[in-house]
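Chemist: To start, I am sharing the structure in question, which I have written as structure tokens.
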């Protein structure tokens, strides 16, 4: 067995957080992002355990406090609370925390299953580290509990748990506004996938697109670390929730002259093709649109799959398969 693969199997990446003085962790595969607590909506009636609703990535998601599932009394919330956005194969929801601690790699030899059967199945294992125990959360069990309790309501006054002073309310509303603005340019494929959908973007002033099938995520801006000795079209690497991804400068890769400022922060599109995950550095993200494939005439088998008009704009469809299989992208494992 390859030593790198063995290490990868032995260690699992988790995002740790504290709630009520207890440490918990969620597998990073299920984590989208963490943020300071924004303002939440609370209709007159919500199922118990749901403390509010939040507009995220053009969807309204549930926000929960796991203490209600664990029959632990919850303390009032403040603007210092943090929100963890997680996903399963079907849904996205938020988990309120006291504080997000950061990423940790758990050695599987120190992960033990629960010594008893938890009827709620929220905590599925224990991790022992430096004489302390971290409880790992099963987000799929949380998803099932959310579905099961849709008709159960609580008389507990959840809104009273949130700060009411003018300063705190203003801060939380501002956070929600910033999140709404960012959501316009950040998408999750699991929620948006649909046949014949494309995501469009600019390289200089020209319009390009790729099928949404390949898109995992779009980030408005990101921190890219330069790697010495790599080809000029490799902008560097980025750390996406503990996973290092190679960033490809599409203009340099496609030998397109750069007509923009090199100091500008640019968005990236995270794509996955043939088990290879890459980040495409672009100039501007535009929109998602639906277009019937039958109207697209393939013209070649190179990096440019075809060209077509949509709403009087000429789009170049990139061949993601061809780009991701380019021999120049083969790098040695670290």
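The values are calculated or read from the model by the stated rules, or taken from the named source; none is laboratory data. All values reported here derive from a predicted model rather than from experimental measurement. All Cβ positions, even for glycine, are placed from backbone atoms using ideal geometry, and neighbour counts span all protein chains on display.
Chemist: Might you check whether a residue that is over 22 Å from residue 316 (Cα atoms), free of Cβ contacts under 8 Å to residues at least 40 places away in the same chain, out of contact with any strand residue (DSSP E or B) (no Cβ under 6 Å at 6 or more places or on another chain) and surrounded by 17 or more Cβ atoms within 10 Å (Cβ to Cβ) occurs anywhere in the range 240-247?
Modeler: The first filter runs over the range 240-247 and keeps only residues over 22 Å from residue 316 (Cα atoms), leaving 240-246.
The next check asks that each one be free of Cβ contacts under 8 Å to residues at least 40 places away in the same chain; those that pass are 240, 244-245.
Checking which are out of contact with any strand residue (DSSP E or B) (no Cβ under 6 Å at 6 or more places or on another chain) leaves us with 240.
With the extra rule that they be surrounded by 17 or more Cβ atoms within 10 Å (Cβ to Cβ), the set shrinks to 240.
Yes, because at least one residue in the range 240-247 is over 22 Å from residue 316 (Cα atoms), free of Cβ contacts under 8 Å to residues at least 40 places away in the same chain, out of contact with any strand residue (DSSP E or B) (no Cβ under 6 Å at 6 or more places or on another chain) and surrounded by 17 or more Cβ atoms within 10 Å (Cβ to Cβ).
Chemist: Being assigned to a helix (DSSP H, G or I) and buried (at least 21 other Cβ atoms within 10 Å of the Cβ) is the filter here, so list the residues in the range 315-329 that pass it.
Modeler: Initially, the range 315-329 is screened for residues assigned to a helix (DSSP H, G or I), giving 320-324, 327-329.
Result: 320, 323.
Chemist: Please state which of the following conditions residue 257 fails to meet, knowing it meets all the rest: (1) surrounded by 11 or more Cβ atoms within 10 Å (Cβ to Cβ); (2) at pLDDT 80 or above.
Modeler: Evaluating residue 257 over (1) surrounded by 11 or more Cβ atoms within 10 Å (Cβ to Cβ); (2) at pLDDT 80 or above leaves (1) as the failure.
Chemist: Moving to a separate point now. Among the residues of the range 198-218, which ones are over 20 Å from the mean Cα position of the chain (by Cα) and in a strand (DSSP E or B)? Steps first, please.
Modeler: Start the filter on the range 198-218 by keeping residues that are over 20 Å from the mean Cα position of the chain (by Cα), which leaves 202-209.
Passing the criteria: 202, 203, 206, 207, 208, 209.
Results for (1) at pLDDT 75 or above; (2) surrounded by 11 or more Cβ atoms within 10 Å (Cβ to Cβ); (3) assigned by TED's automatic domain parsing to the domain that holds residue 31; (4) more than 19 Å from residue 241 (Cα to Cα), shown as yes or no for each residue.
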| residue | (1), (2), (3), (4) |
| --- | --- |
| 92 | yes, yes, yes, no |
| 118 | no, yes, yes, yes |
| 127 | yes, yes, yes, yes |
| 135 | yes, yes, yes, yes |
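Chemist: Shifting gears a bit: Quick check on the range 19-30: of everything there that is under 15 Å from residue 87 (Cβ atoms) and out of contact with any helix residue (DSSP H, G or I) (no Cβ under 9 Å at 6 or more places or on another chain), which residue is surrounded by the most Cβ atoms within 10 Å (Cβ to Cβ)? I'd like the intermediate steps shown before the answer.
Modeler: Here is the first cut: in the range 19-30, the residues under 15 Å from residue 87 (Cβ atoms) are 26-30.
Okay, now just the ones that are also out of contact with any helix residue (DSSP H, G or I) (no Cβ under 9 Å at 6 or more places or on another chain), so 28-29.
Working: 28: 18, 29: 14.
Among those that are under 15 Å from residue 87 (Cβ atoms) and out of contact with any helix residue (DSSP H, G or I) (no Cβ under 9 Å at 6 or more places or on another chain), it is 28.
Chemist: Take the conditions modelled with pLDDT under 85 and outside the structural domain of residue 276 (by TED's automatic domain parsing) and apply them to residue 151. Does it pass?
Modeler: Working: modelled with pLDDT under 85: yes; outside the structural domain of residue 276 (by TED's automatic domain parsing): yes.
Taking the combined requirement at face value, the residue satisfies it.
Chemist: Let me ask you something else. Of all residues being within 18 Å of residue 202 (Cβ to Cβ) and more than 28 Å from the chain's Cα centre (by Cα) in the range 307-334, which is modelled with the highest pLDDT? Just the residue, please.
Modeler: This residue is 314.
Chemist: Only residues that are in contact (Cβ under 8 Å) with a residue 24 or more places away in the chain and not in a strand (DSSP E or B): list them for the range 22-33, please.
Modeler: So the first thing to find is which residues in the range 22-33 are in contact (Cβ under 8 Å) with a residue 24 or more places away in the chain, and the list is 22-28, 30-33.
Scanning the range 22-33 gives 28, 30.
Chemist: If the Cβ limit is 6 Å and pairs must be 6+ apart or interchain, which residue in the range 308-334 that is farther than 10 Å from residue 273 by Cβ pairs with which residue that is in a helix (DSSP H, G or I) and modelled with pLDDT under 90?
Modeler: 333/4
Chemist: Still on this structure, I have one more. Please work out which one of (1) surrounded by fewer than 12 Cβ atoms within 10 Å (Cβ to Cβ); (2) under 13 Å from residue 285 (Cα atoms) is the condition residue 217 fails and give its number.
Modeler: Result: residue 217 passes all but (1).
Chemist: Here's a follow-up. Considering only the range 219-239, I want to know if a residue exists there that is touching a helix residue (DSSP H, G or I) at 6+ places or on another chain (Cβ under 7 Å), assigned to a strand (DSSP E or B) and modelled with pLDDT of 85 or more. Before you say what the answer is, go through the steps one by one.
Modeler: Residues of the range 219-239 touching a helix residue (DSSP H, G or I) at 6+ places or on another chain (Cβ under 7 Å): 220, 231-233.
From the residues that got through so far, the ones that are assigned to a strand (DSSP E or B) too are none.
So far as the range 219-239 goes, no, none of its residues is touching a helix residue (DSSP H, G or I) at 6+ places or on another chain (Cβ under 7 Å), assigned to a strand (DSSP E or B) and modelled with pLDDT of 85 or more.
Chemist: May I ask you to list the residues in the range 71-90 that are crowded, with 18+ Cβ neighbours inside 10 Å and free of Cβ contacts under 8 Å to residues at least 60 places away in the same chain?
Modeler: Result: 81, 83, 85.
Chemist: Based on what the data block shows, is residue 43 assigned to a loop (DSSP other than H, G, I, E, B), modelled with pLDDT under 85 and surrounded by fewer than 20 Cβ atoms within 10 Å (Cβ to Cβ)?
Modeler: Yes.
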